[in-house]
Amino acid sequence: MKKVNGHEIISLFEQWSPKRYAEDWDPVGLHIGQLNRTVQKVLVTLDVNEAVVDEAIEQGANLIIAHHPPIFQPLKHIWTDTPQGRLIEKCIKNDLSVYAAHTNLDVAPGGVNDLLAHKLQLRQLEVMKPTVSDPLYKLAVFCPADYADDLREALGNAGAGALGDYAGCSFSSTGIGRFTPITGADPFIGKVGKSESVPEERIEVILPGPIRNKVLQAMLAAHPYEEPAYDFFVLDQRTEQLGLGRVGVLEETMSLKEFGSYVKSVLDVPAIRLVGDPDKQVRKVAVLGGSGSKYIRAAKRKGADVFVSGDIDFHSAQDAELMDLGIIDPGHHVEKVMIEGVAKRMQKECTDKEFDVTFIQSAIDTEPFTFLQ
């Protein structure tokens, strides 16, 4: 197993949940400490409070990955006799780094909103509020015909040529490549000072923008030529849109009241708030982890019968009632699903790469509310 530092772990994490997915206002990324040191244990948590920091220290963790940023507003000072200052001081003194993935983890496929939707067993999922889409590129590269298959395989392994449910998609045309190696060249084919004509294939593949450099490096490593000829073209097409929230359908229609009880049980919360006629029949469900008041209309535009989200304010609830959109508010803390989801996914990915690191699920309950029966 390979010893790794924080940069290697976060680089792997950001291949899944890159910071560019985050909203502009969201302070995601490294909050406390550094990533340039060996990490053997990572604690995954929803929130970072002093009890969580104590837990991380007791468990021997070197890094915390949290959903909610511990420093949301810029600090003008750090006074260590305040709760926040004491938390920061404790992290620094114990060489404990803290990294936050917030709205980028909400948007990421397999992130918070997908975890919630899967918990509710929703099917036919789609994005509720699109926020991100990337341009598509086309790579055209010229290669000796005898080496074209190897080059296509390398491009495919790097992620190029994926279209919908198909992988390894490419197009080739044949022709003659002509060149003359000059002094200083180390030609794979031909001799310095002599003109050459070589049967070549033009290989074309489509790829999303975020993996352009990865595909380029794979192409250069696999190409037999010292100076391969290639072009990148930006296409009008874009990748599938990603965004906040998910919309899906239940296997069977149920009443709003029945669905509320189901949400309470499945998401393991002590109480829910319900808006709408308890007897209203619901089948299409919108779900958004965190605070959902701003997204009521987005849920309605998607044709949802009911919207599951936290922190619904009074006037937003009235608006939902007027537009006949049921509301189930299980609280903000349901985002705790990310603890297990992130820890299991990252443990698998690190194990596959033979990284010597263990991911620990925080056992600290950071729900600030107590519910009286």
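The values are calculated or read from the model by the stated rules, or taken from the named source; none is laboratory data. Predicted model only: the values in this text are computed from it and were never measured. Quick reminder, even Gly has a Cβ in these numbers, built from the backbone with ideal geometry, and neighbours come from all protein chains shown. Heads up: the accessible areas ignore ligands, DNA and RNA and are worked out on the full protein's heavy atoms, side chains in. Shrake-Rupley method; radii C 1.70, N 1.55, O 1.52, S 1.80 Å.
Annotation: amide H-H contacts under 5 Å for THR358 (H modelled 1.01 Å from N, sequence separation of 5 or more, or interchain): LYS41, VAL42.
SER255 sits among other residues whose Cβ lies under 13 Å from its own Cβ, and their net charge, with Lys and Arg +1 and Asp and Glu -1, is -2.
Remark: segment 196-261 carries 54 Å² of accessible area per residue (probe radius 1.4 Å; ligands, DNA and RNA excluded).
Nonpolar atom fraction for the chain, defined as the carbon and sulfur part of the 1.4 Å probe accessible area, stands at 49 percent. The calculated 222 nm mean residue ellipticity attributable to helices in the chain amounts to -8500 deg cm²/dmol, summing -39500 (n - 2.57) over DSSP H runs of n ≥ 4 and dividing by all residues.
The Cβ shell under 14 Å around THR80 holds other residues with a net charge of 0, Lys and Arg each +1, Asp and Glu each -1. Based on the Cβ-Cβ distance of VAL249 and THR80, what FRET efficiency does E = 1/(1 + (r/R0)^6) give at R0 = 45 Å, to the nearest 0.05? The formula returns an efficiency of 0.30 here.
Full extension of the segment from ARG20 to LYS191, taken as 0.36 nm per residue of separation minus the current Cα-Cα distance, would add 56.8 nm. In the chain, taking the dipole from charged Cβ atoms about the Cα centre, the farthest positive-side position among HIS118, CYS169, THR253 is held by CYS169. For segment 325-370, the solvent-accessible area of protein heavy atoms averages 47 Å² per residue (probe radius 1.4 Å; ligands and nucleic acids excluded).
If Lys and Arg each add +1 and Asp and Glu each add -1, what is the summed charge of the other residues whose beta carbon sits under 9 Å from the beta carbon of LYS302? Net of charged neighbours comes to +3. Simple rule: put +1 on each Lys or Arg Cβ and -1 on each Asp or Glu Cβ in the chain, find the dipole, and look at GLY60, GLN84, PHE355; the Cα lying farthest toward the positive end is GLN84.
Applying 1/(1 + (r/R0)^6) with r as the Cβ-Cβ distance of PHE179 and ASN213 and R0 = 22 angstrom yields a FRET efficiency of 0.25.
Loop-resident chymotrypsin sites (Phe, Trp or Tyr not before Pro) (DSSP state other than H, G, I, E or B) in segment 131-210 with no more than 15 further Cβ atoms inside 10 Å of their Cβ: PHE188.
Our Cα-only numbers for segment 189-346 put the radius of gyration and Dmax at 26.1, 85 Å. Here segment 191-265 has an Rg and Dmax of 25.6, 83 Å, counting Cα atoms alone.
When the GluC sites (Glu not before Pro) in segment 187-285 are filtered for DSSP coil states and for at most 13 other beta-carbon atoms within 10 Å of their beta-carbon, the remaining sites are GLU226, GLU240.
Counted over segment 29-144, the DSSP beta bridges are approximately 25% antiparallel.
Placing pseudo-labels 7 Å out from each Cα toward the beta carbon at ALA229 and LYS294 gives an inter-label distance of 5.1 nm. By DSSP, the beta bridges lying fully in the chain are antiparallel in about 70 percent of cases.
Overall, the chain carries a charge dipole of about 280 debye about its Cα centre when +1 sits on the Cβ of Lys and Arg and -1 on the Cβ of Asp and Glu, all other atoms neutral.
When the charge dipole of segment 156-273 is built from unit charges on Cβ atoms (+1 for Lys and Arg, -1 for Asp and Glu) and taken about the Cα centre, the candidate among GLY159, GLY243, SER195 whose Cα reaches farthest toward its positive end is GLY243. Looking only at VAL127, VAL337, VAL215, which one moves most when the chain is put into a Gaussian network model with springs between Cα atoms under 10 Å? In this elastic network of the chain, the residue with the biggest mean-square fluctuation among VAL127, VAL337, VAL215 is VAL215. Excluding same-chain neighbours fewer than eight residues apart, the lysines reachable from LYS336 by a Cα-Cα span under 18 Å are LYS119, LYS264, LYS344. Among the GluC sites (Glu not before Pro) within segment 266-373, those in coil by DSSP and having at most 15 neighbouring Cβ atoms inside 10 Å are GLU354. In degrees, nearest 10, range 0 to 90: what is the angle between the Cα axis of helix 337-352 and the longest Cα principal axis of the chain? Its long axis makes an angle of about 30 degrees.
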